[in-house]
Every structure is written in structure tokens, then in C-alpha cells.
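Have a look at the structure below, then the notes.
Read-outs: derived from the displayed coordinates by stated rules, not from any lab. On a predicted model such as this, the values are computed, not experimentally measured, just so you know. Please note: Cβ atoms are built from the backbone with ideal geometry, for glycine as well, and neighbour counts cover all protein chains shown.
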Amino acid sequence: MPDSRTEKAKRTIVITGGSDGMGRALALERASRGDRVVAVGSTRARGERLAADAAGAGLGHLVEFVAADLGTAAGNRAVVDHVGDRCPEGIDALVMGANRPFPRRTETADGLESTFALYYLSRYLLGHGLLPALERRPSPVIVNVAGVGATAGEIHWDDLQLRRRYGTVAAQLQAGRANDLLGVAMAERYGDRVPYVLFHPGFTRSGRAAAEHLRPAARFVIRTLTVLAARPVERAVAPVHGFIESPPRVPLSAVDRGRALPPDLKTLDPAAARRLDGVTARLVAGLAAQGPPDGG
């Protein structure tokens, strides 16, 4: 039998939120199927546990953990640069799942509301930044794990940073609707070369990271509901394996817990998607112009 360490990986997969919950389950399963995985996360301790578990299963050579602050533009640029250096042959899939709720309004080093920055802007930056790497592969795909199919929430066009009306739920819903529009805009521009999948896994036992930043009472409620009603992570991520192994043939797919959604869903409005794309492009240009906060 050939040594598995000498065998070429089938695919190269980049997963954000890759060291906990759904991302961790996906990373380990993809490695077990022979794929090379770059798992991006914010906590080194979780990354070390992921690496140790992969090594214990004989998969250590296929799983790499990259620590990054995806709430900042610099953190996302660092991931793009790292993947470009380490994966010159390109990547086959980008699966974006990093997110966490913030009980109080906080700002990133870039001066942006943290939910907006991590849950939405990071996915904009990584999707655009890793597009050349995806285009080098024969059957690439982007999978944005968010809340497509939900219609609650809105884009606060006059207050994207929620300075006047912040709430944990409002911030999560706004970022979820922004991700819907991100998928529409990306698919409209690049979907013929890199199909885009918006995927809502439903309420999932996604690990402790999602709840650890909430107030104690909210953590208790979430963890109780998780025990009673949440889907196991293996079941929740099962469709993602299909997207990776057989990317859709259409530019945009929207799937809510296994159900394909119609393209005319009100939260997938092309005009709103173009508007948000323009607003975000100007925001990103402004961040680039101002440089790092310390002027370096």
C-alpha cells in the first residue's frame, strides 16, 4: 500500500471558521476523503486541537491551521497572501463560515462594526481576493454558509455600521441579508467561471465559539435549544460535500436546509446587490487608502 503522505491531495479547500463546529467537521471529513484543507480560525488553541486530531487520524499532512483576525482588512489580506504562497496551483473550493454574535456594539481595528466586518465584509474580501486562485482550477466553487431563505432583517443603507440602532439580532440579520446580496453580485460577475452557493444549514450544534461572546442568560438559552432542537454538525454540513465534489452548473445556487430557493426571492434582488457591491467597493477602497491603524 502506498504511503498516504506521498499521495497527491484530490482538492485544496479553504475553510473559514474551520477550527470549530461545522467548519471543523467539514475540515476533518474533507481530509479523510483525501483533500488538502487550509482551516482559518481566530483561536490558536482550537487550531492546535484541530491539528492534533487530524494528526491522530493520520491526516496531519492534509490539514493546515491558519490563525487570522478576519474582522480586519489586514487579516483577510494575510489569508489571501498565505493561500497564494502555499497553494500556487490554485484552490478548488472556498467555504466561508466564520461568524460570531456580539452582545454589545464593538468596532474592529478598522473602525467597522464587528458583525458587519466579520460576517459580511470578510466574505467579500476573501471571495474577491481568492478568485484568481479559484479560477486556476477546473471545477471551483464558493460556498457562503449564512442564512439564505430567511427574510427577516434588512440592510440599513443609511447606517450600515449600526451606530444609531445596534442590536445583536439586528446586526446578525443585516449581515445575513448582505451575504445574500453578495452571492448575487459575485455570481452575476464571476459565476460563469466560479459558481457561487448560498447555503443555510439551519439551526446547528455548531460548537461553543458562536455562543461564548453572548451574555450568560443568552448562552444558557442557546445551549438549551442546541440540546433540544439543533442538527448535528455532520448532518448540517453534508450538502457542502456535494457542492465541493460536484459544483453547480449555474452561476448562483441558493439552498435553505436542502431546499433550492427561487432566484426571484426578494432577498436576492439584483438591483440591491449591485448597490451593496458599489457601497462595499468604496468602503474597501477607503480602508486601503487609510492604511493600517498605526500608519504602518
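Any idea what the relative contact order of the chain is, in percent, if you count C-alpha pairs under 8 Å spaced at least 6 apart? Relative CO of the chain lands at 18 percent. Shape analysis of the chain places it in the rounded category; the axes a ≥ b ≥ c from the Cα gyration tensor give an a/c below 1.5.
Our helix-only sum for the chain, with -39,500 (n - 2.57) per DSSP H run of n ≥ 4 divided by its residues, gives a mean residue ellipticity at 222 nm of -13500 deg cm²/dmol.
A simple spin-label model places the labels of Arg33 and Arg235 1.9 nm from each other, with each point 7 Å out along Cα-to-Cβ. Ranking of Asp69, Asp81 by neighbouring Cβ atoms within 10 Å, starting from the fewest: Asp81, Asp69. The GNM of the chain, with springs linking C-alpha atoms under 10 angstrom apart, assigns the highest mean-square fluctuation among Ala78, Ala185, Ala171 to Ala78.
Of the beta bridges in region 7-290, as assigned by DSSP with both residues counted there, near 10 percent are antiparallel.
Each Lys and Arg contributes +1 and each Asp and Glu -1, all at the Cβ; summed about the Cα centre of the chain, the dipole is approximately 680 debye. Given their separation in residues at 0.36 nm each and the Cα-Cα distance between them, His82 and Thr106 gain 5.9 nm when the chain is fully extended.
Just round it to a whole percent: the fraction of Cα-Cα distances in region 68-178 exceeding 16 Å. In whole percent, the share of Cα-Cα pairs in region 68-178 beyond 16 Å is 60.
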